[in-house]
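K.L.:
Quick one: the structure is below, questions incoming.
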Amino acid sequence: MQNHDSITLCCLLWARDGAAGALSDYEDAVLEFLAPHGGELLTRVVSEGTDGVPDEVQTYRFPSAAALDGYLHDPARLALADWRDRVVARTELFPVETR
């Protein structure tokens, strides 16, 4: 049974030109910070990133808004902001429902 306070999110990621592999490496690193905040990676898929489609799409769930906030403001995650800025051109993050 799903917790009604939980938040499920979809994240669309576009790499800077020529940085799709580096974006994937960055995501490998920051997704390690999900579990300490109760987050769970549900899906992670990659595309060729052509014709304007995202290079990577992820869905994940957090048990609460506070847990999500903890992940987003985790000092270890924030310490990687320069890496992120070098490889990620655009991110879209929005709530979704699983059915």
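Any read-out appearing in this document is the output of simple, stated calculations on the displayed coordinates, not a laboratory observation. Keep in mind that what you see is a predicted model, and the values were worked out from it rather than measured. No Cβ is skipped: glycine too gets one built from the backbone with ideal geometry, and neighbour counts run over all protein chains shown.
K.L.:
Can you name the residue in region 33-42 that is outside any strand (DSSP E or B) and touching a helix residue (DSSP H, G or I) at 6+ places or on another chain (Cβ under 9 Å) and, of all such residues, is surrounded by the fewest Cβ atoms within 10 Å (Cβ to Cβ)?
P.N.:
36
K.L.:
Could you list, in sequence order, all residues of region 43-99 that are acidic (Asp, Glu), part of a loop (DSSP other than H, G, I, E, B) and surrounded by 11 or more Cβ atoms within 10 Å (Cβ to Cβ)?
P.N.:
Selection gives 55, 74.
K.L.:
Also: Return the pairs, sorted by first residue and then second, in which the second residue is of a type in the set (Gly, Ala, Ser) and not in a loop (DSSP other than H, G, I, E, B), the first residue lies in region 12-28 and is in contact (Cβ under 8 Å) with a residue 60 or more places away in the chain and surrounded by 18 or more Cβ atoms within 10 Å (Cβ to Cβ), the beta carbons are less than 7 Å apart, and the residues are 6+ apart or on different chains.
P.N.:
Note: pairs meeting the criteria are 14/89; 15/89; 23/15.
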